[in-house]
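In what follows, a structure is listed as structure tokens, so that the remarks can point back to it.
The values are calculated or read from the model by the stated rules, or taken from the named source; none is laboratory data. From a predicted model like this one, the values you see are computed outputs, not experimental measurements. Reconstructed Cβ throughout: ideal geometry from the backbone, glycine too, with neighbour counts over all protein chains shown.
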Amino acid sequence: MPIIENAMVLAAGLGTRLRPITDTMPKPLVPIAGKPMIDYVLDLLEAAGVTTAAVNVHHFADQMEAHLADRSRPSIVISDERATLMNSGGGLVKGLKLLPEGPVLVMNADLFWVGEKPGSPSNLDRLASFFDPGTMDMALLCVRNEDTTGHNGKLDFSLDPQGRLSRYRHGMDNPVVYAGAIALHSRLFADAPEDAFNLNIYFDRAIAKNRLFGITLEGHWLTVGTPEAIDQAEDAIQQFSTGAG
């Protein structure tokens with residue numbers, strides 16, 4: 001099973017909907033069931049064989065750096081966005097320059113999952129194995145809406161039987177939510193702009209070329225966008241505790 005050893009964690013957002021909690025700390029350090037959100041993400045990456053992860057920082061960047069300094073696996077490289085927030089695409093491109101060229105796993109620092117089956121390949125293992133840079137620009141981890149907690153119900157893509165993704169429109173088959181994890185090859189961004197841009201531009205380009213693919217998450221996906229969602233996430237973690245890491 002192929003292992004992708006490098007990762008980029010998008011962690012620079014302001015977390016405005018989580019105020020007032022994020023008035024004093026960055027969203028990725030907000031504890032869920034006693035564990036900062038970003039540690040769930042880094043633990044998933046470590047378990048999948050990632051040895052180096054670039055993490056971008058902006059909001060309360062000093063707190064983020066201090067927390068990540070204690071982490072040895074994966075080894076952390078900081079992508080500093082204190083001066084300017086780069087949005088999802090620009091932040092990814094800047095962070096990728098700190099990693100060797102090649103396949104990379106990308107994750108959002110505030111989206112994670114629990115309840116994977118012990119002894120089976122993990123979602124990230126499956127994503128790394130599924131990704132084929134010859135036929136795909138990106139492979140996205142996606143999730144059925146019924147397997148989410150804290151999500152607003154928005155459906156992002158339709159997943160066809162071959163694993164190809166298209167933007168969801170009402171009435172389409174097999175609707176899924178983007179689960180915040182990607183496998184890609186860093187050369188995809190060889191000609192990318194140096195300034196801030198949204199990663200959705202590259203999703204749409206890949207769709208236009210029939211090169212955006214996805215797999216469906218096994219387990220239960222959590223997103224914590226508001227203070228009220230913390231209790232819901234903690235209840236879900238308790239329910240699926242066998243897969244919580």
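Annotation for segment 49-70: at least one member residue is assigned to a loop (DSSP other than H, G, I, E, B), at pLDDT 95 or above and either buried (at least 23 other Cβ atoms within 10 Å of the Cβ) or of a type in the set (Val, Ile, Thr) (or both). Look at Val224 and say whether it is under 26 Å from Lys35 (Cβ atoms), touching an Asp or Glu at 6+ places or on another chain (Cβ under 6 Å) and touching a residue at least 24 places away in the same chain (Cβ under 8 Å). It is false that Val224 is under 26 Å from Lys35 (Cβ atoms), touching an Asp or Glu at 6+ places or on another chain (Cβ under 6 Å) and touching a residue at least 24 places away in the same chain (Cβ under 8 Å).
Only a single criterion out of (1) under 20 Å from Ala190 (Cα atoms); (2) touching a strand residue (DSSP E or B) at 6+ places or on another chain (Cβ under 9 Å); (3) outside any helix (DSSP H, G or I) is not satisfied by Leu92, namely (3). Residue under question is Leu42, and the condition is that it be buried (at least 19 other Cβ atoms within 10 Å of the Cβ) and without any contact (Cβ under 8 Å) to a residue 40 or more places away in the chain; does it hold? Here the answer is yes, as Leu42 does meet what is asked.
For segment 183-203, the count of residues that are under 19 Å from Ile237 (Cα atoms) and either surrounded by fewer than 16 Cβ atoms within 10 Å (Cβ to Cβ) or out of contact with any strand residue (DSSP E or B) (no Cβ under 6 Å at 6 or more places or on another chain) (or both) is zero. With respect to the numbered conditions (1) surrounded by 15 or more Cβ atoms within 10 Å (Cβ to Cβ); (2) in contact with a His (Cβ under 6 Å, 6 or more places away or on another chain), which one is the sole condition not fulfilled by Leu14? Among (1) surrounded by 15 or more Cβ atoms within 10 Å (Cβ to Cβ); (2) in contact with a His (Cβ under 6 Å, 6 or more places away or on another chain), the lone unmet condition for Leu14 is (1).
So that you can scan it fast, the table gives a plain yes or no per residue for (1) in contact (Cβ under 8 Å) with a residue 40 or more places away in the chain; (2) in contact with a Leu (Cβ under 6 Å, 6 or more places away or on another chain); (3) hydrophobic (A, V, I, L, M, F, W, C):
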position	(1), (2), (3)
His151	yes, no, no
Ser158	no, no, no
Gly163	yes, no, no
Ser166	yes, no, no
His170	no, no, no
Val177	yes, no, yes
Gly180	yes, yes, no
Ala183	yes, yes, yes
Arg187	yes, no, no
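Scanning segment 161-170 for residues being modelled with pLDDT under 95 and either surrounded by 16 or more Cβ atoms within 10 Å (Cβ to Cβ) or in contact with a helix residue (DSSP H, G or I) (Cβ under 7 Å, 6 or more places away or on another chain) (or both) gives a total of 0.
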